[in-house]
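The values are calculated or read from the model by the stated rules, or taken from the named source; none is laboratory data. The structure displayed is predicted, hence computed values, not measured ones. Note that we place each Cβ from the backbone using ideal geometry, even for glycine, and neighbour counts take in every protein chain shown.
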Amino acid sequence: MLELYHAEPAANSMKVLLCLKEKNLDFVSHYVNLLMFEQHQPEFLKINPNGQVPVLVHDGAIITESTVINEYLDEVFPDTPLRPANPLERARMRIWSKFVDEYLCPALSMWGWHILVRRVAKALNKDELEKALARIPLEEQRDKWATVAGESFTPEQLEDSRRRLAVSVERMEKILGESKWLAGSTYSLADVNSYSMVAGIARIFPDLLNERTAPRSFEWLARMNERPAVKAALAMPNRVPETLRALGVEQ
Ligand SMILES: N[C@@H](CCC(=O)N[C@@H](CS)C(=O)NCC(=O)O)C(=O)O
């Protein structure tokens, strides 16, 4: 049996939801409400002591890290393969996924925290915030909550993240000038792992990724949006609006 602990169909949760949908795999969905700090509750920390989603549980075995989870799924369930058979394309799939995880995603995440998480952090009173911070297992995550509850990131940090996103789009344009998909001629985990992040850039910075400034990435995104698996994954619950309402955060 496959079980997935995940949040909204966005960011790292979306990577795995999309992989499961592409491979047409049945799974039990466990929604974790990140804005309600469910990821830091003792029951969830037993599953992932880092207090982060997504987490896959396969016949009782726990697997964390979205990129690793997707390779695992592709290896264990070989129907509808998402890793190119060609070793060079497979290497390119891993290089691009590593770039997304280490360079693109942290830059996008800073903006996500600045725009969304900050509003939740500001809505908490001092006591609630201290209690919430004390339960966060990862020091870097604790720092991020404390940062957005305070003055947030500096304009320089935010501008540098925006610059990294522009660099990411430039790289993507170059790759897509040479091949149809991000690892080469076949649709692969390189595309699956990037979809939510690239869609995030287009949503937050339409000036960086549009038909005119990045035509190939724009076309890739349009092609991705048409995939039934993308549509199915995006149809998974998004509880952010109702959570913000429940927390009394203005929308
Ligand atoms: N490297 C991890 C990162 C996971 C991660 O950052 N998850 C975020 C959601 S996209 C999370 O759980 N955030 C809540 C928190 O850190 O409190 C992966 O790729 O799975």
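Identify the single condition in (1) touching a residue at least 40 places away in the same chain (Cβ under 8 Å); (2) assigned to a helix (DSSP H, G or I); (3) within 13 Å of the ligand (Cβ to nearest atom); (4) of a type outside the set (K, R) that P137 does not satisfy, given that it satisfies every other one.
Failing condition for P137: (2).
In the list V117, V100, which residue meets the criterion of being assigned to a helix (DSSP H, G or I), among the aliphatic types (A, V, I, L, M), at pLDDT below 95 and under 24 Å from A202 (Cβ atoms)?
Working: V100 fails: at pLDDT below 95.
So the residue among V117, V100 that is assigned to a helix (DSSP H, G or I), among the aliphatic types (A, V, I, L, M), at pLDDT below 95 and under 24 Å from A202 (Cβ atoms) is V117.
Taking only the range 138-158 into account, find how many residues are under 19 Å from M197 (Cβ atoms) and modelled with pLDDT of 95 or more.
The number of residues fulfilling the criteria is 3.
Which one of S188, S161 is within 16 Å of the ligand (Cβ to nearest atom) and modelled with pLDDT of 95 or more? Spell out how you get there, then give the answer.
On the way: S188 fails: within 16 Å of the ligand (Cβ to nearest atom).
Result: S161 is the single residue among S188, S161 that is within 16 Å of the ligand (Cβ to nearest atom) and modelled with pLDDT of 95 or more.
I need the full set of residues from the range 142-185 which are part of a loop (DSSP other than H, G, I, E, B) and surrounded by fewer than 20 Cβ atoms within 10 Å (Cβ to Cβ), in order please.
Taking the range 142-185 first, the residues part of a loop (DSSP other than H, G, I, E, B) are 150-154, 179-180, 182-183, 185.
Of everything in the range 142-185, those that are part of a loop (DSSP other than H, G, I, E, B) and surrounded by fewer than 20 Cβ atoms within 10 Å (Cβ to Cβ) turn out to be G150, E151, S152, F153, T154, S179, K180, S185.
Which residues, taken from the range 66-89, are surrounded by 18 or more Cβ atoms within 10 Å (Cβ to Cβ) and charged (D, E, K, R)?
Taking the range 66-89 first, the residues surrounded by 18 or more Cβ atoms within 10 Å (Cβ to Cβ) are 66-67, 69-71, 73-74, 82-84, 89.
Of everything in the range 66-89, those that are surrounded by 18 or more Cβ atoms within 10 Å (Cβ to Cβ) and charged (D, E, K, R) turn out to be E71, D74, R83, E89.
I'm trying to understand the selection: among the residues of the range 13-28, which are in contact with an Asp or Glu (Cβ under 9 Å, 6 or more places away or on another chain) and within 29 Å of A123 (Cα to Cα)?
M14
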